[in-house]
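Only one structure is covered here, and it is reproduced in the block below.
The values are calculated or read from the model by the stated rules, or taken from the named source; none is laboratory data. Everything numeric here is computed off the predicted structure, so don't read it as measured data. Please note: Cβ atoms are built from the backbone with ideal geometry, for glycine as well, and neighbour counts cover all protein chains shown. Just the protein is used for accessible areas: all its heavy atoms, side chains included, with ligands, DNA and RNA removed. Shrake-Rupley method; radii C 1.70, N 1.55, O 1.52, S 1.80 Å.
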Amino acid sequence: MSGLWKRVLAAYTTDRYPQHDREQLLARGAAELAHTRSPGGRAATVKDVQRVAREEFGLLLDERQARTALAQRRTGRPR
(Lines give C-alpha, C1' and ligand atoms only; values in the text may rest on other atoms or scores of the structure.)
Protein backbone atom coordinates (compact mmCIF):
# COMPACT_ATOMS: atom_id res chain seq x y z
CA MET A 1 0.00 0.00 0.00
CA SER A 2 1.43 3.37 -0.98
CA GLY A 3 2.11 6.15 1.49
CA LEU A 4 -0.83 8.15 0.16
CA TRP A 5 -3.27 5.28 0.66
CA LYS A 6 -1.99 4.60 4.18
CA ARG A 7 -2.64 8.25 5.07
CA VAL A 8 -6.05 8.23 3.31
CA LEU A 9 -7.08 5.09 5.19
CA ALA A 10 -5.95 6.61 8.51
CA ALA A 11 -7.82 9.85 7.73
CA TYR A 12 -10.97 7.91 6.88
CA THR A 13 -10.95 5.54 9.83
CA THR A 14 -9.38 7.48 12.73
CA ASP A 15 -9.23 10.95 14.22
CA ARG A 16 -5.44 10.99 13.85
CA TYR A 17 -5.49 14.10 11.62
CA PRO A 18 -6.99 17.55 12.22
CA GLN A 19 -10.18 18.13 10.21
CA HIS A 20 -8.51 20.30 7.53
CA ASP A 21 -5.72 17.76 6.95
CA ARG A 22 -8.27 14.93 6.92
CA GLU A 23 -10.29 16.64 4.18
CA GLN A 24 -7.16 17.31 2.12
CA LEU A 25 -6.06 13.67 2.36
CA LEU A 26 -9.49 12.37 1.42
CA ALA A 27 -9.62 14.84 -1.49
CA ARG A 28 -6.24 13.50 -2.69
CA GLY A 29 -7.57 9.96 -2.45
CA ALA A 30 -10.66 10.98 -4.42
CA ALA A 31 -8.48 12.59 -7.10
CA GLU A 32 -6.41 9.44 -7.38
CA LEU A 33 -9.50 7.23 -7.64
CA ALA A 34 -11.12 9.57 -10.18
CA HIS A 35 -7.96 9.43 -12.28
CA THR A 36 -7.75 5.65 -12.07
CA ARG A 37 -11.41 5.24 -13.00
CA SER A 38 -11.41 7.70 -15.94
CA PRO A 39 -12.24 5.76 -19.09
CA GLY A 40 -9.92 5.62 -22.05
CA GLY A 41 -7.13 7.69 -20.54
CA ARG A 42 -9.37 10.74 -20.22
CA ALA A 43 -8.17 13.16 -17.56
CA ALA A 44 -10.27 13.28 -14.40
CA THR A 45 -12.32 16.43 -13.96
CA VAL A 46 -13.24 18.47 -10.90
CA LYS A 47 -16.74 16.97 -11.09
CA ASP A 48 -15.25 13.45 -11.17
CA VAL A 49 -13.28 14.17 -8.00
CA GLN A 50 -16.31 15.67 -6.27
CA ARG A 51 -18.44 12.64 -7.19
CA VAL A 52 -15.85 10.13 -5.98
CA ALA A 53 -15.31 12.05 -2.73
CA ARG A 54 -19.05 12.06 -2.07
CA GLU A 55 -19.67 8.43 -3.05
CA GLU A 56 -16.59 6.82 -1.51
CA PHE A 57 -15.85 9.03 1.51
CA GLY A 58 -19.09 10.90 2.20
CA LEU A 59 -17.17 14.13 1.72
CA LEU A 60 -18.54 17.19 -0.06
CA LEU A 61 -15.76 19.06 -1.83
CA ASP A 62 -16.09 22.49 -3.33
CA GLU A 63 -14.51 23.21 -6.72
CA ARG A 64 -11.38 24.73 -5.18
CA GLN A 65 -10.72 21.65 -3.02
CA ALA A 66 -11.24 19.27 -5.93
CA ARG A 67 -9.09 21.36 -8.27
CA THR A 68 -6.31 21.54 -5.67
CA ALA A 69 -6.40 17.77 -5.16
CA LEU A 70 -6.15 17.20 -8.92
CA ALA A 71 -3.21 19.59 -9.18
CA GLN A 72 -1.44 17.89 -6.28
CA ARG A 73 -2.01 14.51 -7.90
CA ARG A 74 -0.53 15.72 -11.18
CA THR A 75 2.56 17.24 -9.56
CA GLY A 76 3.05 14.40 -7.11
CA ARG A 77 3.17 16.72 -4.13
CA PRO A 78 2.54 14.88 -0.88
CA ARG A 79 0.13 17.52 0.49
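Tabulated values for the structure
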| item | result |
| --- | --- |
| Accessible area of segment 13-79 belonging to carbon and sulfur atoms, whole % at 1.4 Å probe | 50 percent |
| Residues of segment 12-79: accessible area per residue with a 1.4 Å probe, Å² | 63 Å² |
| Rounded tilt (10° steps) of 19-37 against the dominant C-alpha axis of the chain | 30 degrees |
| Computed over the chain, Cα set: Rg, Dmax in Å | 11.5, 37 |
| Crossing angle, helix 46-57 versus the chain [Cα axis fit, 0-90 degrees, rounded to tens] | 40 degrees |
| Two-site label geometry, A10 and T36: point separation in nm, points 7 Å out along Cα→Cβ | 1.9 nm |
